[in-house]
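Single-structure report; data block below.
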Amino acid sequence: MKRVKSALAERLGSERVTTMPPQMVAEDFAEYAGRSAVGSDLGRRDRAGALRAAAKTGAAVPELHSPTFVPDLERTLKTAMKSRPRRS
């Protein structure tokens, strides 16, 4: 995990990389692959803006796998491309 965080901090800036506590989620990719895995949230949306909008309307903030989830497409793609592993 430290190697991944360090590599992402180098590419994206350390202020944009955080470590989340372990969570019980339904992603079983590591089990299927037989190795460790790392999940990430790559600029999916303007979370602060979504929270402000939800506070005004009383609506829930749409999360991943929700039919109303709308990612910040440009930011997500740019962040994903910057964070991808580089070939040697």
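Each reported figure results from applying straightforward, stated rules to the coordinates on display, with no laboratory input. Keep in mind that this is a model prediction, so the values were computed, not measured. All Cβ positions, glycine included, derive from the backbone under ideal geometry; neighbour counts span all protein chains shown.
Against the main long axis of the alpha-carbon atoms of the chain, helix 2-12 sits at an angle near 60°.
The angle separating the long axis of helix 47-57 from the principal Cα axis of greatest extent in the chain is about 20 degrees. Within region 1-40, the percentage of alpha carbon pairs spaced more than 16 angstrom apart rounds to 44%.
From helices alone, the chain scores -12500 deg cm²/dmol at 222 nm; the rule is -39500 (n - 2.57) for each run of n ≥ 4 DSSP H residues, then divide by the residue total. In region 43-82 the Cα-Cα distances spread across 5 Å bins starting at 0 as 6, 24, 26, 24, 12, 6, 2 percent of all pairs. Using a simple spin-label model with pseudo-atoms 7 Å out from Cα toward Cβ, THR57 and LYS2 lie 4.4 nm apart. Note on the chain: Cα Rg divided by 2.2 N^0.38 Å, N the number of residues, gives 1.26. Scalar couplings 3J(HN,Hα) for region 66-74, obtained by applying the Karplus form with A = 6.51, B = -1.76, C = 1.60 to θ = phi - 60°, are 8, x, 9, 6, 10, x, 7, 4, 4 Hz; x denotes Gly and Pro.
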